[in-house]
Every structure is written in C-alpha cells, then in structure tokens.
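Presented below is the structure to which this report refers.
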2 protein chains.
Amino acid sequence: MLTIGKLGTQAGVKVPTIRYYEQIGLLPEAERSAGNQRLYGRRALERLAFIRHARDLGFSLGAIRDLLSLSDDPDQPCAAADAIARTQLAEIESRIARLTALKVELQRMLVQCAHGTIADCRVIEVLGDHSLCSTDHRHAESEAAP
Amino acid sequence: MLTIGKLGTQAGVKVPTIRYYEQIGLLPEAERSAGNQRLYGRRALERLAFIRHARDLGFSLGAIRDLLSLSDDPDQPCAAADAIARTQLAEIESRIARLTALKVELQRMLVQCAHGTIADCRVIEVLGDHSLCSTDHRHAESEAAP
DNA sequence: CTTGAAGCTATGGTCGCTAGAGAGATTAGG
DNA sequence: CCTAATCTCTCTAGCGACCATAGCTTCAAG
C-alpha cells in the first residue's frame, strides 16, 4: 500500500493535486490507515496515471471524467472515447494555428525594433495601433498567456 | 466623451472587463458624470486598445502593466520592451512545440482506435499506460485544455 | 413623462490547481 | 525507547483573467 506521497511520486502528481482530485470525485475516496492517512493500491496508481497522462495530452478534467466513466464500463462502444479524443485534437490544432499567427506577429515586431528609445519603439507602437499589423487578421480570440 | 459601453464596443473589450482593469489598476480611475457613470476620452480608448491588442498577442496582464509603464516614459531605452516581447515570443514558441507533440500523440491514438468496444480501444489504453506512447518523450508540462 | 436600455456596486463562480496554518502520524537514528 | 525529522491531516484562501447575477440608479428616446 502506498501513502499519498509515494503515490504522487510514482504517478508524477503533487500531493495536494491528488487530494483535489479526490475532492472533486475524479478519484474515489481512499482507504485510510489506523492513523487516518490515505492508502492507495495498484488500481489507484493506474487511475491516477491515466489522469496525469490525459492532462498532459491537454484533456480537461471534464473530458477525463467522461473517459474514466467510459473505461469503468468497458463493454460500451468505443465511439464516445474516439469522439472525445477527436474533439481534443481539433482544439489543439486550432490552438497551434492561432499561436503560430501570434508568433509571426511578434517576430515581425521584434525585427523592426531599432533598439532606440521607447519613443520610437516598434513594439510599443505596434501594440498601440492594430493597423500597423502586417496582415489584416484579427488576432486570435483570447489565446492568453497561461 | 464615451460611456463604458461605447468604449467597450470601440476597443473590443467587454464592459465588466474594463471595470476589472480599473479595479486592478491597469486603467486609471475614470472620470464620472453627474450621475456617477464612468466617462472616457481618447486617451483611455488608446490605452485600452493597447491592452486589448497585447492580450490578443498573448501577453499577461503583468507584462502589459510593464509595457504600459515603459510607454509612459518615452525617453528610456527600448531594450526593456524588447525583452518583454522576446520573452513572450519564446513562451509562444515553447507552447507551439508542446502542442505539436501532443497533436502527434493524439493522432496516433486515433489511428490505432479499432472502433470496437472500449475493451480494445487504444485511446483508453494509451492514456492509461504511458509506455505505450510512440516515442519515449515525456509529454509537456501541463499544457492544459482551455 | 414614461419606458427600456445601459449604467452602478457588490458578490460569487469558473478552472486547475497551489500555498499556508496548525495539528497529528510515522519513521529513522541514536 | 526517545527524539527529531519528515510525512500527512483538514481547512481556508488565493492565483489569473475574467463572467454572471442581483438589485439598484441614471439616461436617452419617443
């Protein structure tokens, strides 16, 4: 049996995150030791690894919840899991496209920077006046910093 | 003079967002009409457009705060603004790289999905066992869904 | 002068955690 | 066996960057 710390280490998930997952119902309530500490077995480790991996792949916790409920019920058709992954793929592709547009814009700003004073800094100027952008694209809808 | 609604429309920013920006000190406190409504002039519009544009380009509000304080001081050298933009560019490039890795992984998962039942669905299986991933890369650090 | 849209403040919710306080449990070394 | 160090426990609060709602007041058009 693993304590929460060992579990976290093995799955690559921080301890408070595990407790958070339990709190929101992604992980079942753990067994407890005599001294009230959580104890986990192989099943919990696998489930947590699943969650961790899916998070790494960009799935939301909501999508992961869906995937887990599918895998808890393994005789259902696979189409649902496939659809979730497909949606996720489309989302990632669109994010890549938006980020690439932003990258081009930023590069253009930087190339034009003459390293003088703020007064004639292209970075500030371009940010202040959208019409100075290279293309007439509207920038992405809120591809905000993380 | 513009009311907050007109300002929001012209700058492409929602009304509660403008009030939020004022609250966190990104916009100065607005003048008020006799009936206590906010009134804005050209300066405020320009400042808000600057913020909006920088947000579109993925700058955090913290970075925008720095850029704004630079632009309030136009005789300084431009290097600081350049550095902020350069950091932003690096961040975006790293996110693109991570997302591209995730995309490849998801595509691989989908190709392998046998469209049978969950029992032999690769989507679930791959998510449950990282070692089944095509390459041995660790996935990105938390490139979470939006 | 009335009505409906737009404004006001204040509070609370979202997502996916992360941090901290203060107390109790467990383990390793002496 | 005792102590010290390291977990672990619960609970609350906070992050960024907003959005939504409630219950008001103000304003502009007809």
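Brief remarks on what is shown
- A:Glu46 fulfils the conditions (1) modelled with pLDDT of 80 or more; (2) more than 18 Å from the chain's Cα centre (by Cα); (3) more than 8 Å from chain B (Cβ to nearest Cβ) except for a single criterion, (3).
- Scope segment B:61-85; condition surrounded by fewer than 17 Cβ atoms within 10 Å (Cβ to Cβ) and at the interface with another protein chain (Cβ under 7 Å from one of its Cβ atoms); matching residues: B:Asp73, B:Pro74, B:Asp75, B:Gln76, B:Pro77, B:Ala79
- Which numbered condition B:Leu110 misses (of (1) surrounded by 20 or more Cβ atoms within 10 Å (Cβ to Cβ); (2) under 30 Å from A:Asp72 (Cα atoms); (3) modelled with pLDDT of 65 or more; (4) of a type in the set (A, V, I, L, M, F, W, C)): (1)
- Of everything listed in (1) surrounded by fewer than 18 Cβ atoms within 10 Å (Cβ to Cβ); (2) at pLDDT 70 or above; (3) facing chain B (nearest Cβ under 8 Å), the single unmet condition for A:His130 is (2).
- Once segment A:12-43 is narrowed to residues that are within 12 Å of another protein chain (Cβ to nearest Cβ) and in contact with a helix residue (DSSP H, G or I) (Cβ under 9 Å, 6 or more places away or on another chain), the residue that is farthest from DNA strand C (Cβ to nearest atom) is A:Gly12.
- Any hit, segment B:76-84, residues being of a type outside the set (Ser, Thr, Tyr) and within 21 Å of B:Gln10 (Cβ to Cβ): no
- Segment B:86-113, residues that are more than 7 Å from chain A (Cβ to nearest Cβ) and farther than 30 Å from B:Asp66 by Cα: B:Ala101, B:Val104, B:Arg108, B:Val111, B:Gln112
Per-residue answers, yes or no, for (1) in contact (Cβ under 8 Å) with a residue 12 or more places away in the chain; (2) under 30 Å from B:Arg95 (Cα atoms):
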position	(1), (2)
B:Ile18	yes, yes
B:Leu26	yes, yes
B:Glu29	no, no
B:Ala34	no, no
B:Ala44	yes, no
B:Leu48	yes, yes
B:Leu61	yes, yes
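The values are calculated or read from the model by the stated rules, or taken from the named source; none is laboratory data. Quick caveat, the model's predicted, so the values are computed rather than measured. Glycine also receives a Cβ, built like all others from the backbone with ideal geometry; neighbour counts cover every protein chain displayed.
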